[in-house]
Amino acid sequence: MFISSIFLFCFLIVPTGPPQTVKALNVSSTAISVTWKNVDGKERNGKIKGFKIYYKAVGEFAVNRTVMVKEIDGENSAETVLTGLEKFIKYNISVLAFTTKGDGPNSTEVTVTTDQDGKSISRFTCLFWC
């Protein structure tokens, strides 16, 4: 019993696969909802402790291009909302799972743009004296 416990402990490693089916949807001009499915069972390599969501504003109008990380605890977590984002800016987003031994690989990156905010410009046609 003692030897098999040591063997199991020594061979727990980081996940070898990424979270699956990562999707992102803009929910406002400053927030994006991110959902994913857990790492395939054979690639978990132990109990998943949580997930890290990496996101970065991209494009010529992005002010803060720093890579941000939001950590979500729990093996059964499958969604989060990223808030405090720039308005009408593209974001590249990926998710990884981690165990007590470390981080697994990032998922395929998805790109989404936050909503545009502000007043719209009315268009009209001049029929008489303009």
Item to complete: Restricting attention to segment 1-39, report how many residues are at pLDDT 95 or above and not in a loop (DSSP other than H, G, I, E, B).
Response: 13
Fill in: In segment 42-92, the residues that are of a type in the set (S, T, N, Q) and either touching a Cys at 6+ places or on another chain (Cβ under 9 Å) or surrounded by 15 or more Cβ atoms within 10 Å (Cβ to Cβ) (or both)
Asn45, Ser77, Thr80, Asn92
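I'm checking my understanding of the structure. Among residues of segment 95-117 that are part of a loop (DSSP other than H, G, I, E, B) and of a type in the set (S, T, N, Q), which one is most open to solvent (accessible area, probe 1.4 Å)?
So in segment 95-117, the residues part of a loop (DSSP other than H, G, I, E, B) come out as 100-101, 104-109, 114-117.
When the remaining residues are screened for being of a type in the set (S, T, N, Q), the result is 100, 106-108, 114, 116.
Numbers: Thr100: 120, Asn106: 72, Ser107: 12, Thr108: 116, Thr114: 2, Gln116: 137 Å².
Checked segment 95-117; the qualifying residue most open to solvent (accessible area, probe 1.4 Å) is Gln116.
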Practice prompt. Please find, within segment 40-58, the residue that is farthest from the chain's Cα centre (by Cα) out of those that are part of a helix (DSSP H, G or I) and among the charged types (D, E, K, R).
Written response: Lys42
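The values are calculated or read from the model by the stated rules, or taken from the named source; none is laboratory data. Just so you know, these numbers come straight off a predicted model, no measurement behind them. In this analysis, Cβ positions are derived from the backbone assuming ideal geometry, glycine residues included, and neighbour counts consider all displayed protein chains. Just so you know, the surface numbers come from the protein's heavy atoms only, side chains and all, with ligands and any DNA or RNA stripped out. Shrake-Rupley method; radii C 1.70, N 1.55, O 1.52, S 1.80 Å.
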